[in-house]
1. What order do you get for A:ARG291, B:ARG49, B:ARG18 when you list them from fewest to most C-beta neighbours inside 10 Å?
2. Listing A:ARG42, A:ARG93 from the residue with the fewest other Cβ atoms within 10 Å to the one with the most, what is the order?
3. Please express the Cα-Cα pair-distance distribution P(r) of chain B as a list of whole percents, one per 10 Å bin, running from 0 to the bin with the greatest distance.
4. Can you give me the relative contact order of the range B:128-184 as a percent, contacts being Cα pairs under 8 Å and 6 or more apart?
5. Relative contact order (percent) for chain A, with alpha-carbon contacts under 8 angstrom and 6 or more residues of separation?
6. Each residue of the range B:237-245 in turn: what ³J(HN,Hα) in whole Hz from Karplus with 6.51, -1.76, 1.60 and θ = phi - 60°, glycine and Pro shown as x?
7. When all C-alpha to C-alpha distances in the range A:207-299 are sorted into bins of 10 Å, what percent of pairs does each bin hold, rounded to whole numbers?
8. Per the Kirkwood formula on distinct C-alpha pairs, the Rh of the range A:139-180 is how many angstrom?
Amino acid sequence: MHAKPSSDAAVIDDVEVTTLLEDGERAVAGDALAPPRTLRWRKWKRDLVWAGLIGLVVWSIDRLDIPLDRLPGILGRMGETLMTRYFPPDIARITQRDYLGSVFETLEMAYLATVVGIVLAIPLAWFASANMSPSKRILYPLSRLAIMACRSVHEMIWTILAVSILGFGMLPGVLALTLFCVGFAGKLFAEAIEAIDQGPVDAMRATGANPLQTFVYAVLPQVRVAWTGTSIYTWDVVFRAATVVGFFGAGGMGWYLRESMQRIASQEVAAIILSIIIVVLIAELFSSWLRGRIARAIA
Amino acid sequence: MSNIALEVRDLCAGYGDRQILKNVSFTVSPDDFFAIIGPSGAGKSTLIRCVNRLVEPTGGSVRLNGEEILDIGQRALRLARRNIGMIFQEFNLIERLSVLDNVLAGRLGHTGTTRSLFRMFRREDIAQALTLLDRVGLTDHVHKRADRLSGGQRQRVGIARALMQNPRLLLVDEPTSALDPKIAREVMGLIREVARERRIPVLCNIHDVKLALDFCSHIIGLQDGVKKFEGRPADLNEKAMHDIYALEVL
């Protein structure tokens with residue numbers, strides 16, 4: 001029961017909104033009700049924000065002493081360095097048994113970390129969802145904090161921390177990737193829960209179902225497809241991170257990258273980087289193909 | 001057994017300053033089919049949902065067969081809810097589960113958590129679900145997924161799910177607004193029949209006055225959270241209608 005604006009005021013608003021639309025302004029429902037003066041001020045504010053953003057770019061270049069005059073030749077110099085030092089890539093190195101083994105170790109690390117991470121992320125996401133959390137006062141803030149903590153630390157920092165505590169090897173790599181996975185999947189899982197239709201939840205609660213039963217019957221069926229897609233996507237992102245964690249002392253392909261770099265064996269480095277790009281690409285293609293297939297199969 | 005199934009006293013609900021229900025009182029006997037009518041925004045849906053506390057009331061009393069529902073803890077509330085079946089406007093089925101599993105979900109309050117996790121419902125529950133599906137005319141659709149059904153069929157699943165609880169009260173929230181007029185009458189008729197067979201009192205909120213007059217034994221008129229009318233369908237004269245719908249701008 002809201003008051004209708006008088007008809008001539010509405011006409012003026014319409015004119016204003018149209019001119020703004022021509023400017024590429026997004027029309028929001030609130031705009032139609034705002035008087036013209038507010039709209040003009042909004043346009044001013046928008047211009048100010050743009051000016052501020054561009055000013056910040058100029059200021060940063062100045063502060064950081066970025067030598068703009070050296071930019072033009074940069075591509076040429078990069079190509080030259082690559083050709084003289086990194087070409088040809090030492091393909092023989094990456095076909096050796098130990099390196100190929102490390103590719104599989106990387107896959108296994110990523111798989112293990114994703115499975116464990118997702119198992120941990122499921123209850124956390126449930127507790128951390130604003131609409132379904134079984135304990136608003138305790139579990140909700142705690143699990144939100146846990147997911148945020150996992151996300152706020154970069155996966156490479158997690159690796160450095162894990163290596164410094166657990167020593168070199170596969171374990172710190174898996175641990176760091178697991179934490180990354182909990183943060184990554186946990187947030188996306190919780191967002192999927194927050195987007196569900198509340199109707200079935202009401203229906204299950206009305207039968208006297210407890211919170212776990214309500215979750216299994218009203219929430220899981222609604223998020224199953226989204227979660228499956230997220231899980232596969234998480235695996236592919238974790239795998240990309242797994243190719244590098246070895247660089248900081250955890251296991252996998254990154255370990256060989258570091259070792260070759262320390263010997264300044266540039267052609268080996270080139271081959272390893274090339275192999276990382278290729279396996280990550282394959283993982284990404286595989287992941288998107290699988291997500292498409294599964295979405296079609298269980299939708 | 002007393003002759004009062006549901007007793008609502010001075011029920012109030014709202015958020016902050018906004019009062020949605022203002023001291024609503026009425027009593028329902030086991031054979032009654034109550035319709036709650038009134039303009040949209042009158043608080044009909046809130047009233048129904050306060051009875052099983054899907055919406056938390058701010059004051060008053062709701063007694064089902066003499067037992068207070070408003071001041072009990074979560075666990076006791078779950079036990080109380082087992083006795084109150086609910087049928088929804090949007091059916092609120094679990095789209096990806098089969099019709100049978102949807103009906104069995106009505107039994108969750110009586111099923112242990114571990115059993116329900118693996119959908120291992122008791123043999124007698126499955127037998128009852130099949131009987132109920134037969135009763136609502138869905139024998140041919142038992143193993144179909146719920147989202148494959150038409151609107152009328154889905155509401156029949158909703159009715160079977162509510163009956164699966166062997167409820168002592170049926171709450172019905174706008175059961176027909178998502179259905180076309182012919183199906184709406186069939187669904188209302190079915191609800192009335194099954195309630196009579198089992199002697200379950202019904203509290204049904206419905207915006208269609210014609211349907212309320214044709215299918216219900218009592219009518220409550222709400223306007224802006226206040227009860228403006230209570231009586232038999234025959235008593236709902238022009239003056240009463242004016243009282244209920246006076247504020248609505250046509």
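Just so it is clear, none of the values below were taken in a lab; they were calculated from the coordinates. Everything quoted here is computed from the prediction, not taken from an experiment. Please note: Cβ atoms are built from the backbone with ideal geometry, for glycine as well, and neighbour counts cover all protein chains shown.
1. On the way: A:ARG291 18, B:ARG49 21, B:ARG18 8.
Ascending number of Cβ neighbours within 10 Å: B:ARG18, A:ARG291, B:ARG49.
2. A:ARG42, A:ARG93
3. 7, 31, 36, 20, 5, 0
4. Details: 31 pairs, mean separation 20.8, N = 57.
Relative contact order for the range B:128-184 comes out at 36 percent.
5. About 20 percent, as a whole number.
6. Whole-Hz 3J(HN,Hα) from phi for the range B:237-245: 8, 4, 5, 4, 4, 5, 4, 6, 9.
7. All Cα pairs considered, the percentages come to 15, 30, 21, 17, 11, 5, 1.
8. Taking every pair of different Cα atoms in the range A:139-180, averaging 1/r and inverting gives 10.6 Å.
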